[in-house]
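For reference, the structure discussed in these notes is given below.
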Amino acid sequence: MMRLPTSVWTPLFAAVLMVAGPVAAQDSLDEITRRAESGDEGSIHRLCYGSAYGREGVRRNDADALRWCAKGDELGIPSSTVLLAEIYFRGQGTKADLVKARSLYLRAAGMGHAYAQYMAGTMLWLGEGGPRDQSEAMRYIDLAAAAGLPPAIDAKRQFEEHKNDSRRAGGTSPNQSIQGGPADAGR
């Protein structure tokens with residue numbers, strides 16, 4: 001079997017994506033909604049993301065974002081679960097609920113979603129939405145950092161520095177926190 005050199009197939013692949021991309025983007029909102037209502041996971045997540053951020057040809061609508069992200073979460077779509085966690089974390093169109101946000105981040109983290117691992121670790125470290133658990137926090141931060149997520153790599157460094165500083169100072173109180181955390185997540 002003959003293999004094309006990278007110099008040939010990379011531009012070819014890019015050209016195929018450029019042709020395929022606009023076709024998918026031209027789907028009408030009605031068509032995307034019809035597919036989502038019939039259970040198409042890609043369309044459900046597209047409406048979740050689009051409604052949450054006003055993208056993907058969808059106008060921002062907090063109620064629709066909550067609806068579609070919850071549907072995606074029910075179906076086990078990790079990115080929809082993360083966006084649902086963000087909605088509860090920020091209180092976007094609903095009351096902020098850090099307990100629910102933490103639970104959703106942990107669920108998506110268990111599905112291998114790197115950003116969810118980072119956020120779950122940060123919330124565990126800071127004790128947001130539940131008890132503080134620094135060893136479990138480090139496990140999630142390590143996973144996200146191993147996946148190459150830049151804020152997780154930074155958080156890992158900060159957490160390790162904090163741990164080293166607190167050892168030298170003779171411990172830390174549960175109310176001390178480090179710089180960073182969900183508000184500085186660089187979302």
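The values are calculated or read from the model by the stated rules, or taken from the named source; none is laboratory data. What you see is a predicted model, and the numbers here were worked out from it, not measured in a lab. For neighbour counting, all protein chains shown are included, and Cβ atoms are generated from backbone atoms with ideal geometry for every residue, glycine included.
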Residue tally, condition within 19 Å of TRP68 (Cα to Cα) and without any contact (Cβ under 8 Å) to a residue 24 or more places away in the chain, over region 106-125: 0
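Please go through region 33-47 and give me each residue that is of a type outside the set (Ser, Thr, Tyr) and surrounded by fewer than 20 Cβ atoms within 10 Å (Cβ to Cβ), ordered by number. Break it down into steps so the answer makes sense when it comes.
Residues of region 33-47 that are of a type outside the set (Ser, Thr, Tyr), as a first pass: 34-37, 39-42, 44-47.
The answer is ARG34, ARG35, GLU37, GLY39, ASP40, GLU41, GLY42.
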Candidates ALA155, ALA137, filtered to the one that is touching a helix residue (DSSP H, G or I) at 6+ places or on another chain (Cβ under 8 Å) and closer than 28 Å to GLU74 by Cβ: ALA137
Hits in region 126-138 (condition: exposed (fewer than 15 other Cβ atoms within 10 Å of the Cβ) and assigned to a helix (DSSP H, G or I)): SER135
Qualifying residue in region 94-113 (condition: more than 18 Å from TYR49 (Cβ to Cβ), touching a Ser or Thr at 6+ places or on another chain (Cβ under 6 Å) and of a type in the set (A, V, I, L, M, F, W, C)): no
Residue among GLY112, GLY76, GLY57, GLY50 that alone is at pLDDT 95 or above, part of a loop (DSSP other than H, G, I, E, B), in the same structural domain as ILE32 (by TED's automatic domain parsing) and surrounded by fewer than 24 Cβ atoms within 10 Å (Cβ to Cβ): GLY76
